[in-house]
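Novice: What follows is a single structure, and I will ask about it in a moment.
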Amino acid sequence: MGILSTRKSKLIANLLLKKYLENGWLKLCDENTKMELSRYVEAEGKSNVFAAEEGSHDDLVCGLLWCAFFMETPFCELEDDTKANIIKEKNKL
């Protein structure tokens, strides 16, 4: 079981993570993750391809990407209606 990482699925995951952060649905508390995200950029010469700057890592960012991606699948089952609340907030926009 897992997620097939393709150029298309990774772009979707990037856009979802961006949306979750910009809308305040995800709050970053970890300084290492914030640092990695600050160095996560569009790859030079490649449209819609994102990665860590040279000499940096993006392991923590990629974990968030796939979490955001998974949250949008029917396989995501959260307790206490968490997913329903997220969807409700998204629909307000």
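The values are calculated or read from the model by the stated rules, or taken from the named source; none is laboratory data. All values derive from a computational prediction rather than experimental measurement. Glycine also receives a Cβ, built like all others from the backbone with ideal geometry; neighbour counts cover every protein chain displayed. Calculation scope for accessible area: heavy atoms of the full protein, side chains included, ligands and nucleic acids excluded. Shrake-Rupley method; radii C 1.70, N 1.55, O 1.52, S 1.80 Å.
Novice: Given the structure, is ALA68 of a type outside the set (Asp, Glu), open to solvent by less than 90 Å² (accessible area, probe 1.4 Å) and modelled with pLDDT of 90 or more?
Specialist: Criteria not met by ALA68.
Novice: Identify the residue in region 28-60 that is touching a residue at least 24 places away in the same chain (Cβ under 8 Å) and part of a helix (DSSP H, G or I) and, among all such residues, is nearest to LYS18 (Cα to Cα).
Specialist: Ranking the candidates gives LEU37 first.
Novice: Here's something else I'd like to know. Just one of the numbered conditions (1) on the phi < 0 side of the Ramachandran plot; (2) over 12 Å from the mean Cα position of the chain (by Cα); (3) not aromatic (Phe, Trp, Tyr) is not true of CYS62; which one?
Specialist: Condition not satisfied by CYS62: (2).
Novice: Further question: Report yes if ALA13 is open to solvent by less than 60 Å² (accessible area, probe 1.4 Å), farther than 16 Å from TRP66 by Cβ and out of contact with any His (no Cβ under 9 Å at 6 or more places or on another chain), otherwise no.
Specialist: no
Novice: Here is a check on your reading of the model: is LEU17 touching a Leu at 6+ places or on another chain (Cβ under 6 Å) and modelled with pLDDT of 90 or more?
Specialist: Yes, satisfied.
Novice: Inspect region 55-68 for any residue being under 13 Å from SER9 (Cβ atoms), aromatic (Phe, Trp, Tyr) and in contact with a Cys (Cβ under 7 Å, 6 or more places away or on another chain) and give the result as yes or no.
Specialist: No, because not a single residue in region 55-68 is under 13 Å from SER9 (Cβ atoms), aromatic (Phe, Trp, Tyr) and in contact with a Cys (Cβ under 7 Å, 6 or more places away or on another chain).
Novice: Yes or no: LYS8 modelled with pLDDT of 90 or more and open to solvent by 90 Å² or more (accessible area, probe 1.4 Å)?
Specialist: When the stated conditions are applied, LYS8 passes them.
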